[in-house]
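**Q** Handing you this structure, nothing more for now.
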Amino acid sequence: MTYREAIEELETILRALETDAVDVDDLTTRVERSAELIRLCRHKLRHAEASLDRVFDSLDEDEENEEMEEGENDAEDDEVETDEDDADSDDEDEDDEHDHLPGGPGRAW
């Protein structure tokens, strides 16, 4: 039985209880059936909730992995930039070596 079918049967029982003069034996049967249907609906809802939680957890893991990969790529980019910066620093150091020579700093050698 599907969730929708269980809900529809529960609604039918409820309408009957609200409108009909139900004898005690029939009332007991309907209440017992309602309890079974409610248990079934709760089970289906718990199952659906667990399935959705797994889906959302999976999405969260995917997002975390993407962020970690982006962080690793950024770190690699920083290393490349640092290497380039070091190369620039070396050039600057060479310029500094010649600053004391006649002609002054900033001259092309």
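**Q** Somewhere in segment 67-75, is a residue surrounded by 10 or more Cβ atoms within 10 Å (Cβ to Cβ), in a helix (DSSP H, G or I), hydrophobic (A, V, I, L, M, F, W, C) and in contact with a helix residue (DSSP H, G or I) (Cβ under 9 Å, 6 or more places away or on another chain)?
**A** So far as segment 67-75 goes, no, none of its residues is surrounded by 10 or more Cβ atoms within 10 Å (Cβ to Cβ), in a helix (DSSP H, G or I), hydrophobic (A, V, I, L, M, F, W, C) and in contact with a helix residue (DSSP H, G or I) (Cβ under 9 Å, 6 or more places away or on another chain).
**Q** Pull up segment 18-46, narrow it to residues that are charged (D, E, K, R) and more than 19 Å from ILE7 (Cβ to Cβ), then point me to the one that is farthest from the chain's Cα centre (by Cα).
**A** It comes out as ASP23.
No value in this document is a laboratory result; all are computed from the given coordinates. Just so it is clear, the model here is predicted, and its values are computed rather than measured. Counting neighbours? That spans all protein chains shown, and the Cβs are built from the backbone with ideal geometry, glycine included.
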